[in-house]
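Read through the structure below, which is laid out as structure tokens, and then see the notes.
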Amino acid sequence: MNIIPSLQTTGDALNAERIRMDVIAQNIANAQTTRDVNGKAYQRKVVSFEAVMNDATKAARGSGNGGGDNNESQANLKTVRVSGVTADTSPGERVYNPASPDADKTGYVEMPNVKMAQEMVDLITSSRAYEANLTVAKNGKAMADSALRMARDQ
Amino acid sequence: MVDVVMGTDPTASLVARKLLDVQALRHDAIAANIANAETPGYKRVDLDPDFDAQLKDAVQKHDRQAIKNLTPTIVEDRSAKAVRPDGNTVVLEKELMIDNQTAVNYDFLDQYLSMHIQQMQQAARSN
């Protein structure tokens, strides 16, 4: 039984946005890291999302009309998940700093390709999307509450 | 959409019940849209636009069986235009407005049905 079916979708989205914010935090934290685990400058990571069928959708598509209510109606609903975290391979800025242990023979150090303004914009976008999903969760809860109240007050 | 139940039609409570399901389903659709607001290429989904017309038609004909048999479905919204280069058709603000509207509609139908049940209980008691 599922009183608030939208919560699965919304929960998945909150989870995905949380991962994106974590990765942005990692990018910002490593904005000056000239030596990653592979010995080279840190490369910014990008989170990509993909739409996937949720349990209700799979049930609706698989079993046709059998099973719970609203089955067929939900055949086009999709939830979201993180499809991958990939490295941005664009080159970083090269800075002349012969004192750095990571400088090459000519005295230049390759800096990470993290751009602070871009990361901040991504962070705000992600946090707004997170808030929007919270609003949906709140509305879903209010609707379930009022349906339960209808049964209780009689 | 909810204006169908505002008359004194005897099928009104049946329609209200059906519309309550519709609002819950629409909420699910909007939840999926907002969840995929950042997914490249995602196309927004919504209630089948034909449902409203079919329901109004059935109400006008006082066809209770037709109303009962109507099933709302979620389909891809083909009228929505892509607003971003990645082809995603979700506009976050619009979705939030629709979701709030859906919640209010749900509340209204809920109160309407509560009232209806109370009236029936009163009628049963007065005997």
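Points worth noting:
- Label separation (residue A:148 vs residue A:15): 2.3 nm, computed from points 7 Å beyond Cα along the C-beta direction.
- Extent of the range B:2-120 along its three principal axes (Cα atoms, max minus min coordinate, largest first): 54, 26, 17 Å.
- Accessible surface, 1.4 Å probe, highest first, among residues A:9, A:89, B:71, A:135: A:89, B:71, A:135, A:9
- The largest accessible area among B:62, B:116 belongs to the first residue in B:62, B:116, and the rest follow in falling order (1.4 Å probe, all chains).
- Histogram of C-alpha separations across chain A, 5 Å bin width, %: 2, 8, 13, 14, 12, 11, 9, 8, 7, 6, 4, 3, 2, 1, 1, 0, 0
- Residue B:52 exposes around 50 Å² of accessible area when a 1.4 Å probe is run over every protein chain in place.
- Pairs exceeding 19 Å between alpha-carbon atoms, taken from A:141/B:81; A:141/B:56; B:43/B:81: A:141/B:81; A:141/B:56.
- Note on chain A: with a GNM built from Cα contacts shorter than 10 Å, the maximum mean-square fluctuation among A:27, A:15, A:76 falls on A:76.
- The stretch between residue A:22 and residue A:104, if pulled fully straight at 0.36 nm per residue, gains 26.4 nm over its current Cα-Cα span.
- Relative to the current alpha-carbon distance between residue A:2 and residue A:48, full extension at 0.36 nm per residue lengthens the span by 13.6 nm.
- Contour minus Cα-Cα distance for residue B:114 and residue B:73 (0.36 nm per residue): 12.2 nm
- Estimated from helices alone, the mean residue ellipticity of chain B at 222 nm is -20000 deg cm²/dmol (sum of -39500 (n - 2.57) over DSSP H runs with n ≥ 4, per residue).
- Efficiency of FRET from Cβ geometry, residue B:100 and residue A:90, R₀ 45 Å, rounded to 0.05: 0.65
- On the basis of the beta-carbon distance and an R0 of 45 Å, residue B:54 and residue A:118 show a calculated FRET efficiency of 0.40.
- Shape of the protein assembly as shown, Cα gyration tensor, a/c cut at 1.5: prolate
The values are calculated or read from the model by the stated rules, or taken from the named source; none is laboratory data. All figures in this text were calculated on a predicted structure; none of them were measured in a lab. Glycine gets a Cβ as well: all are built from the backbone with ideal geometry, and neighbour counts include every protein chain shown. These area figures cover heavy atoms from the full protein model, side chains too; ligands, DNA and RNA do not enter into them. Shrake-Rupley method; radii C 1.70, N 1.55, O 1.52, S 1.80 Å.
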